[in-house]
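Undergrad: Starting off with a structure, shown below.
Values quoted throughout were computed directly from the atomic coordinates according to the rules given, and no laboratory measurement underlies them. For clarity, every value in this text was computed on a predicted model and none was experimentally measured. We place every Cβ from the backbone using ideal geometry, glycine too, and count neighbours over all the protein chains shown.
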Amino acid sequence: MNDKNSKNSIIRLFNVSKRFGGKLALKDISLEIEQGEFVFISGPSGAGKSTLLKILYLAEKASEGQILIDGMNLARISSSKLPFLRRRFGMVFQDYKLIPSRTVYENVALVLEAAGKKPSYIRKKVVQVLRTTGMEKKLKALPPTLSGGEQQKVAVARAVVGEPSIILADEPTGSLDSSSAQAILDLLMEYHKKGATILVASHNLHLLESSVRGRNIEINDGIIKRTATML
Ligand SMILES: Nc1ncnc2c1ncn2[C@@H]1O[C@H](COP(=O)(O)OP(=O)(O)O)[C@@H](O)[C@H]1O
Ligand SMILES: [Mg+2]
């Protein structure tokens, strides 16, 4: 089972660095993530967790190094193929990034509309996912009228609604009370069970320790300090 040939890496990073002006946010990161893995990226504030997820989502460009997603080199993806690659990812941004002028329902539905899904499917799926995140009563609300925690629940719903093969969740429970946080983790676990590869960044390790079986990659000051399997 564990020989090299049976490895099925969906994400590979080779010597990736990211520089913001004079600041090196990621330093020479090499990493492989297997299809269906649940990976927890931990480390203190400023460690580079968000930068790592944004680079994978193509929201930031690596300054150096190579990234392969399912064998495709991100540096060589043509702009016409980019939307298709993006659709394989669901991303929960740390600052949510909801569209303020669109309702909760519309923010989530947009993902499925862009993917060309049927209106009847969209209606059913969006309501169902918003129900599982506890936001079904706020379908018509605009994001600026919601609390941070509520916006976070919508951001999680938007990230999972398209059933992407890779879910990147940046501090997805950072604004939630413990029972809402557990509901969000349960939701991520549900998609993990269906086969999604999940990367969760959080500075709060013990949040996940009890409920998730997966790998913890600890980063600090842009460097991988340690990886460990959590049981
Ligand atoms: N757009 C940016 N411009 C300048 N510096 C940035 C930018 N984004 C992140 N950084 C810096 O990179 C480092 C890592 O940030 P980040 O990835 O957000 O860390 P974390 O998510 O672990 O808290 C920090 O020092 C941060 O200030
Ligand atoms: Mg962050």
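Undergrad: Find the centroid of the Cα atoms in region 1-80 and in region 122-149, then give the distance between the two in whole Å.
TA: 31 Å
Undergrad: Quick one: grab Rg to one decimal and Dmax as a whole number for region 118-220, Cα atoms only, in Å.
TA: Here Rg and the maximum Cα pair distance are 14.0, 46 Å.
Undergrad: What residues qualify as long-range amide H neighbours of Gly65, i.e. H under 5 Å apart, gap of 5 or more or another chain, H built at 1.01 Å from N?
TA: Here Ser17 satisfy the definition.
Undergrad: How much length is gained on full extension from Asn15 to Ala114, taking 0.36 nm per residue of separation minus their Cα-Cα distance? Provide the component values of the computation, followed by the final result.
TA: Working: separation 99, 0.36 × 99 = 35.64 nm, distance 3.35 nm.
Gain in length upon complete extension: 32.3 nm.
Undergrad: Hey, another quick one. Connecting C-alpha atoms closer than 10 Å in a GNM of the chain, tell me which of Gly149, Gly116, Gly43 has the biggest fluctuation.
TA: Comparing Gly149, Gly116, Gly43 in a Gaussian network model of the chain, the most mobile one is Gly116.
Undergrad: Further question: With charges set only on the Cβ (+1 for Lys and Arg, -1 for Asp and Glu), what does the dipole of the chain come to about its Cα centre, in debye to the nearest 20?
TA: On the way: 34 positive and 22 negative charges, 156 e Å.
Dipole about the Cα centre, nearest 20: 760 debye.
Undergrad: Roughly what percent of Cα-Cα pairs across the chain reach past 27 Å?
TA: Working: 8687 of 26565 pairs.
Tail of P(r) above 27 Å: 33 percent of Cα pairs.
Undergrad: If you wrap region 3-44's Cα atoms in a convex hull and average its projection over all directions, what's the area in nm²? Please report the intermediate quantities before stating the final value.
TA: Numbers: hull surface 16.3 nm².
Averaged projected hull area, Cα only: 4.1 nm².
Undergrad: Can I ask one more? Is it possible to state the helix-based mean residue ellipticity at 222 nm for the chain, with each DSSP H run of 4+ residues giving -39500 (n - 2.57), the sum divided by total residues, to the nearest 500 deg cm²/dmol? What is it? All intermediate terms of the calculation are to be shown ahead of the outcome.
TA: Working: 7 runs with 71 residues, N = 231.
Only helices count here, giving -9000 deg cm²/dmol.
Undergrad: What FRET efficiency, computed as 1/(1 + (r/R0)^6) with R0 = 41 Å and r the Cβ-Cβ distance, is obtained for Arg131 and Ala228, rounded to the nearest 0.05?
TA: On the way: r = 35 Å, r/R0 = 0.86.
Calculated value: 0.70.
Undergrad: Quick one: 3J(HN,Hα) in Hz for region 188-200, Karplus 6.51/-1.76/1.60 with θ = phi - 60°, rounded, Gly and Pro as x.
TA: 4, 4, 4, 5, 4, 4, 6, x, 5, 8, 10, 10, 10
Undergrad: Gain in length, Lys81 to Asn204, computed as 0.36 nm per residue apart minus the alpha-carbon separation, to one decimal in nm?
TA: Values: separation 123, 0.36 × 123 = 44.28 nm, distance 3.57 nm.
Length gained between Lys81 and Asn204: 40.7 nm.
Undergrad: Pick out which of Asp28, Asp177, Asp221 has the largest mean-square fluctuation in a Gaussian network model of the chain, springs linking Cα atoms closer than 10 Å.
TA: Result: Asp177 has the largest fluctuation of those listed.
Undergrad: Where does each of Met72, Met91 land when they are ranked from fewest to most other beta-carbon atoms within 10 angstrom?
TA: Numbers: Met72 13, Met91 22.
With the sparsest Cβ surroundings first, the list reads Met72, Met91.
Undergrad: Connecting C-alpha atoms closer than 10 Å in a GNM of the chain, tell me which of Ala75, Ala157, Ala201 has the biggest fluctuation.
TA: Ala75
Undergrad: Measure off 7 Å from each Cα along the Cα-to-Cβ vector at Asp186 and Asp28, then give the distance between these two points in nanometres to one decimal.
TA: 4.5 nm
Undergrad: In the chain, what percentage of the DSSP-assigned beta bridges are antiparallel, given to the nearest 5?
TA: Antiparallel bridges: around 55 percent, rounded to the nearest 5.
Undergrad: Charges on Cβ only, +1 for Lys and Arg, -1 for Asp and Glu, centred on the Cα centroid of region 84-157; of Gly116, Leu142, Gln128, which one is farthest towards the dipole's positive end?
TA: Of the listed residues, the answer is Gly116.
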